[in-house]
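Asks: I'd like to ask you about the structure that follows.
The values are calculated or read from the model by the stated rules, or taken from the named source; none is laboratory data. Given the structure is predicted, the values throughout are model-derived calculations rather than measurements. Every residue, glycine as well, gets a Cβ built from its backbone with ideal geometry; the counts of neighbours run over all protein chains shown.
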Amino acid sequence: MHLKFVKSILFLLSAGICFVWGQTIFMLPSEQGSPLSGNFTYHLTRNDSLVKIKIFCQLSNNSLQFLKNGENFTARYRIGGAIYINKELLKNKSFVDSITVKKFSETNLAEPWQAGTLSFQLKKGKYKLFITLKD
């Protein structure tokens, strides 16, 4: 299983407007050079006291490791998110899923597809969000 990237967003959720404070990609030293990659987008919505952040994760087949499973090829992956205040973990969520294709040539497709969504509800404040991808 490869752990390729940890994306981090430091964001400020204020009473009036939601600001994205910054975005950085941290490569983990033990996994630099791994072919595993992915993209994410996020959407912030708020009400009087809470902010909801939805993170949409995209992957492409050519970045995953597929194993032959009978006549098919299957790749499993895990996407996780962790919210920190300072250096203290506040919330974390993750999910495990898989993709199965029938032809070996499909394991090398570079077209991105929607791999899943993570959602967090938070009080307005300043947080750091880490997103991890493992296959």
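Asks: Considering segment 84-105 alone, what residues qualify as being assigned to a strand (DSSP E or B) and under 18 Å from Asp135 (Cα atoms)?
Replies: If the condition is that a residue be assigned to a strand (DSSP E or B) and under 18 Å from Asp135 (Cα atoms), then Lys93, Ser94, Phe95, Val96, Asp97, Ser98, Ile99, Thr100, Val101 are the ones that fit.
Asks: If you don't mind, another one. In segment 25-83, what count of residues is obtained for those that are loosely packed, with under 12 Cβ neighbours inside 10 Å, modelled with pLDDT of 85 or more and in a loop (DSSP other than H, G, I, E, B)?
Replies: Within segment 25-83, residues that are loosely packed, with under 12 Cβ neighbours inside 10 Å, modelled with pLDDT of 85 or more and in a loop (DSSP other than H, G, I, E, B) number 2.
Asks: Can you tell me which condition Asn86 does not meet? The list is (1) surrounded by 16 or more Cβ atoms within 10 Å (Cβ to Cβ); (2) on the phi > 0 side of the Ramachandran plot, and all the others hold.
Replies: (1)
Asks: Would you say Leu118 is surrounded by 17 or more Cβ atoms within 10 Å (Cβ to Cβ), aliphatic (A, V, I, L, M) and out of contact with any Leu (no Cβ under 9 Å at 6 or more places or on another chain)?
Replies: yes
Asks: Considering only segment 84-118, state which residues are modelled with pLDDT of 90 or more, of a type in the set (Ser, Thr, Tyr) and touching a Lys or Arg at 6+ places or on another chain (Cβ under 7 Å).
Replies: Once the filter is applied, which keeps residues that are modelled with pLDDT of 90 or more, of a type in the set (Ser, Thr, Tyr) and touching a Lys or Arg at 6+ places or on another chain (Cβ under 7 Å), segment 84-118 yields Ser94, Ser98, Thr117.
Asks: Looking for whichever is modelled with pLDDT under 90, in a strand (DSSP E or B) and surrounded by 17 or more Cβ atoms within 10 Å (Cβ to Cβ) here; the options are Phe19, Phe11. Which one fits?
Replies: Being modelled with pLDDT under 90, in a strand (DSSP E or B) and surrounded by 17 or more Cβ atoms within 10 Å (Cβ to Cβ) holds for just one of Phe19, Phe11, which is Phe11.
Asks: Of the residues that make up segment 93-101, is at least one more than 17 Å from the chain's Cα centre (by Cα) and exposed (fewer than 15 other Cβ atoms within 10 Å of the Cβ)?
Replies: yes
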